[in-house]
Amino acid sequence: MQDIFDRAQAFVARWEGGLVDHPSDPGGITNRGVSLRWLRSIGADIDGDGDIDQDDIRAVTPEVAAQLFHQHFWAAPGVHLLPPLVAVAVYDAAVNQGAPRAVRQMQAACNTVSRDQLMVDGDLGGKTLARVQALCGAMGGGQLAVCDIVITAREQFYRELASRPPKRLADGQVVDYRAFLRGWLSRTGSLRGWCHQLAAEGWA
């Protein structure tokens, strides 16, 4: 599955650009999709100086970002075990939101089109993998149809986030997700197109 990871990461890299320090982003300063908050949560000292600070974020290269993402958002949660196109869709969501939420969104999306309900627990276990595989075979459109419902669930989550009133954090930072909604929806729209392109290349 390394080849499909490379295609998935190519999409992510287009959307997770250079150094950004948006005042409404609770993740803090971010580079190539790697935020300071997340880097501290996984204990990754990129520049090897004994602490994790903004210098580590500035030291993130495309290769470092891909390695971190492969470990934490592709391999560890089991995203690589999904059918290829569904893996691409869930991987992008995992990078953007975290793997547990991305998997929960997928499970909830599957429940909208299946009589037998999955537990929405963020665990990509055998029952979830089997259900996704079955839906890819049963739904008209196959993997692309499953990708569509997964991406739609993600878009609904973004709209819900953007509908929340601005929130002031303990450190005084004001988080207002409305600033991100247009970009999020542009990304999910592009992701749909990317999945169709991969299908045309024979990945489904």
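The values are calculated or read from the model by the stated rules, or taken from the named source; none is laboratory data. Note that the structure is a prediction, hence the values are computed from the model and not measured. Every residue, glycine among them, receives a Cβ derived from its backbone with ideal geometry; neighbour counts consider all protein chains shown.
Would you pick out the residues in region 41-79 that are crowded, with 20+ Cβ neighbours inside 10 Å and not aliphatic (A, V, I, L, M)?
56, 69, 73, 74, 77, listed by residue number.
Can you give me the number of residues within region 42-82 that are within 16 Å of the chain's Cα centre (by Cα) and assigned to a helix (DSSP H, G or I)? First the steps, then the outcome.
First pass over region 42-82, keeping only residues within 16 Å of the chain's Cα centre (by Cα): 65-82.
Subsequent filtering for residues that are assigned to a helix (DSSP H, G or I) retains 65-75, 79-81.
Total satisfying the criteria: 14.
On the given criteria, is residue 39 over 13 Å from the mean Cα position of the chain (by Cα), touching a residue at least 12 places away in the same chain (Cβ under 8 Å) and closer than 28 Å to residue 192 by Cα? Step through it out loud before you land on a result.
On the way: over 13 Å from the mean Cα position of the chain (by Cα): yes; touching a residue at least 12 places away in the same chain (Cβ under 8 Å): yes; closer than 28 Å to residue 192 by Cα: no.
It is false that residue 39 is over 13 Å from the mean Cα position of the chain (by Cα), touching a residue at least 12 places away in the same chain (Cβ under 8 Å) and closer than 28 Å to residue 192 by Cα.
Check off (1) within 15 Å of the chain's Cα centre (by Cα); (2) farther than 29 Å from residue 20 by Cβ for residue 133 and give me the number that stays unchecked.
Checking residue 133 against (1) within 15 Å of the chain's Cα centre (by Cα); (2) farther than 29 Å from residue 20 by Cβ, the one that fails is (1).
Looking at this structure, is residue 77 at pLDDT 95 or above and either in contact with an Asp or Glu (Cβ under 9 Å, 6 or more places away or on another chain) or within 15 Å of residue 41 (Cβ to Cβ) (or both)? Lay out the reasoning, then the answer.
Working: at pLDDT 95 or above: yes; either in contact with an Asp or Glu (Cβ under 9 Å, 6 or more places away or on another chain) or within 15 Å of residue 41 (Cβ to Cβ) (or both): yes.
Spelling it out, residue 77 is indeed at pLDDT 95 or above and either in contact with an Asp or Glu (Cβ under 9 Å, 6 or more places away or on another chain) or within 15 Å of residue 41 (Cβ to Cβ) (or both).
State which residue pairs qualify: first residue over 12 Å from residue 44 (Cβ atoms) and inside region 57-70, second residue of a type in the set (Lys, Arg) and surrounded by 13 or more Cβ atoms within 10 Å (Cβ to Cβ) in any location, beta carbons under 8 Å apart, and separation of 6 or more residues or different chains.
Here the result reads 61/32; 62/32, each pair linking region 57-70 to a residue that is of a type in the set (Lys, Arg) and surrounded by 13 or more Cβ atoms within 10 Å (Cβ to Cβ).
Mind checking which residues of region 120-140 are over 26 Å from residue 3 (Cβ atoms) and at pLDDT 95 or above? Quick ask: steps written out before the conclusion?
To start, the set of residues in region 120-140 that are over 26 Å from residue 3 (Cβ atoms) comprises 120-123, 127, 138, 140.
Of everything in region 120-140, those that are over 26 Å from residue 3 (Cβ atoms) and at pLDDT 95 or above turn out to be 120, 121, 122, 123, 127.
Taking residue 98, is it within 21 Å of residue 154 (Cα to Cα), buried (at least 16 other Cβ atoms within 10 Å of the Cβ) and not hydroxyl-bearing (Ser, Thr, Tyr)? Full working, then the answer.
Numbers: within 21 Å of residue 154 (Cα to Cα): yes; buried (at least 16 other Cβ atoms within 10 Å of the Cβ): yes; not hydroxyl-bearing (Ser, Thr, Tyr): yes.
Answer is yes for this residue.
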